[in-house]
Amino acid sequence: MITLVLAIIVLLLCLYFKYEYSFWSRHSVEGPAPVPIFGNFHEYILTKKRHFFEIYQDIYAAYPTARYVGIYKMGRPALLIRDLELVKDILVTSFNTFNMNEFAIDADLDPLIAVNPFCIPGDEWKAKRSQLSPLFTQNRTRVAIPFINGVAKKMLEYIESGPESSTMEFDVKELCAKFTTDNVAAVSFGLDGESFTNPNASFRKIGDDIFKPTFINGIKQQIVLFVPFMAKILKVPFVSKESDKKFREIVQQVVDQREQEKSRRDDLLQVILDLREKHGKEEYSDTVVCGHSMTFLTEGYETSSTTMSMTLYELALNPQVQKRVQLEVDQLLTESNGEINERVILGAEYLEQCIMETVRLHCPVFHLSKFSVREYEFPPQFEGSTKSLKMPGGTNVIIPVYAIHFDKTYFPDPFKYDPDRFSKENKDNIPKYAYLGFGEGPRICLGMKFGITQVKGGIIAILSKYNVLRHELTDVPFKYAKSTFNLQPEDKVMLRFEKRKDVINEE
Ligand code: HEM
């Protein structure tokens, strides 16, 4: 009897999956054959052989003439977009149809993350993005530079006399995380984040709690991304209760102090508090004030720290590029008497090319996953066909940024670290919408300028005093963490620092 019941269950499951996984063939869309339960992601979820950015890359390569490919994220059908015209349509021209990012956050579970524009669709997104926009003007980025200079000095002291100074062997992933975390603390709250001096510093702990590629974080992120309904049932928060509490305490303390002392600071929290004064507490509740501050921490520290450490990694592997950056940096610092100021940051054009090239090769946000909010008619899957594809609202489209960045039609010799792709003379040769490291269209990264500025500040400080060299533990080729939703190093990024003999801006 039990055998019969089991056989019926198995049969029903088979019929269910057969129907579920015929979705794209019923729509006459070609794509790779799925595996029951896991769709096209078994090598990611089951065997951990491939990260899902690699799976996207494999599928992208397997359908070279398709505008899009039909895939299954576990049981859910999605379209992997290959055609740049379609990318433009999704991100820009038909933005109102695709204004919903995949990252569905439950506001009851994660009230602070739910304020982040990245996680919000439609009109609410517009409101939150415009609340945050005053924090990212050109002028605000300019005001941030002295703070960045201050943190860069602390980083140099740490390199010179911290625990690793005896060997000069650094995990630059951790070094850069300390640097960008303390920048965020300084620029946002006027606080010393203490990452270089206190092993239990709160900001670093909160950052790690959210982003560190631990087993638990991996499971959390897979549930949120692949089975979002389970996240709701299991009540899995992105930010732990302790971090939520600790972060609110930190922000509240700063707000209370300013109210008591009737003092003002030139930092981002002050901009938010001024907006609260103007528009009232209903629009700028405590949760909104803390949430925007949290956005600054989550968005401001991780992507930038990955970009900074990966740039140092590439410079260590490409010493001739490093030398060229140092020549540029030396000249600029000589003109500024050794101070990292606005002229130095803006003048470091070749370094900026290096950062752009790093974001091409190691894009922290390796895919842009959006949902349509109304019906949309896709062009035919293949050139020459006349059969378009009408899909209802709720269709998931995935722009595989990493795969596009390695497409040799757009980036010749794509594995080569070649910052000259982004030179004034060459950058217009890159087809529009082939470079998507910061997104495009109305949702383009709000903190791009600030991110690039802080990465430049940190690298200028390091390269003005040190050469960065490959270490015997440096992973070549690079190894990424397998379980995270953004691209992160799997483990330490070990480099050796060597004091420059030709330092020309000694204090
Ligand atoms: C080098 C570092 C960075 C990279 C590579 C990066 C990349 C990106 C990407 C790809 C997106 C998604 C765009 C889309 O959904 O279409 C994004 C969104 C966003 N980024 Fe960045 N980012 C960086 C640094 C920063 C920094 C420093 C901040 C703030 C302090 C920031 C704030 C944001 C915000 C608020 C959004 C959401 C925008 C929206 O949905 O309207 N980012 N970023």
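The values are calculated or read from the model by the stated rules, or taken from the named source; none is laboratory data. As the structure is a computational prediction, the values presented were derived from the model and not from experiment. Positions of Cβ are backbone-derived with ideal geometry, glycine not excepted, and every protein chain shown enters the neighbour counts. Keep in mind that these areas ignore ligands, DNA and RNA; they rest on the heavy atoms of the full protein, side chains included. Shrake-Rupley method; radii C 1.70, N 1.55, O 1.52, S 1.80 Å.
Quick notes on this structure:
- Single residue of K482, K449, K432 found to be assigned to a helix (DSSP H, G or I) and either over 30 Å from E160 (Cα atoms) or near the ligand (Cβ under 9 Å from one of its atoms) (or both): K449
- Residue pairs meeting the criteria (Cβ under 6 Å; at least 6 apart or on separate chains; first closer than 19 Å to L109 by Cα and of a type in the set (D, E), in the range 288-313; second near the ligand (Cβ under 8 Å from one of its atoms) and modelled with pLDDT under 85): none
- Any strands (runs of 3 or more DSSP E) falling wholly within the range 64-175 and containing at least 2 residues that are open to solvent by 10 Å² or more (accessible area, probe 1.4 Å): 76-81, 169-171
- Extreme residue, modelled with the highest pLDDT, among residues of the range 187-243 that are in contact with a helix residue (DSSP H, G or I) (Cβ under 6 Å, 6 or more places away or on another chain) and aromatic (F, W, Y): F196
- Count of residues meeting criterion [without any contact (Cβ under 8 Å) to a residue 12 or more places away in the chain and of a type in the set (D, E, K, R)] in the range 254-282: 10
So that you can scan it fast, the table gives a plain yes or no per residue for (1) of a type in the set (A, V, I, L, M, F, W, C); (2) in contact (Cβ under 8 Å) with a residue 24 or more places away in the chain:
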{"residue": "F118", "(1), (2)": "yes, yes"}
{"residue": "K126", "(1), (2)": "no, no"}
{"residue": "Q138", "(1), (2)": "no, yes"}
{"residue": "F147", "(1), (2)": "yes, yes"}
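- Residue match in the range 231-240 (condition: in contact (Cβ under 8 Å) with a residue 24 or more places away in the chain and in a helix (DSSP H, G or I)): yes
- Hits in the range 415-462 - residues which are more than 18 Å from the chain's Cα centre (by Cα), of a type in the set (A, V, I, L, M, F, W, C) and crowded, with 18+ Cβ neighbours inside 10 Å: F422, I459, I460, A461, I462
- Top-ranked residue in the range 258-274 [being more than 16 Å from the ligand (Cβ to nearest atom) and not in a helix (DSSP H, G or I); ranked as least open to solvent (accessible area, probe 1.4 Å)]: S263
- One residue from Y21, Y44 being open to solvent by less than 60 Å² (accessible area, probe 1.4 Å), at pLDDT below 95, under 23 Å from F406 (Cα atoms) and not hydrophobic (A, V, I, L, M, F, W, C): Y44
- Checked against (1) within 16 Å of the ligand (Cβ to nearest atom); (2) part of a loop (DSSP other than H, G, I, E, B); (3) open to solvent by 30 Å² or more (accessible area, probe 1.4 Å), L487 meets all criteria but (3).
- The conditions of being without any contact (Cβ under 8 Å) to a residue 40 or more places away in the chain, open to solvent by 10 Å² or more (accessible area, probe 1.4 Å) and either touching a Phe, Trp or Tyr at 6+ places or on another chain (Cβ under 8 Å) or within 16 Å of the ligand (Cβ to nearest atom) (or both) are met by E328.
- Taken over the range 338-355, the criterion of being open to solvent by 30 Å² or more (accessible area, probe 1.4 Å), within 16 Å of the ligand (Cβ to nearest atom) and hydrophobic (A, V, I, L, M, F, W, C) is satisfied by no residue.
- Total residues in the range 463-484 satisfying the condition of being under 19 Å from C354 (Cα atoms) and surrounded by fewer than 21 Cβ atoms within 10 Å (Cβ to Cβ): the figure is 7.
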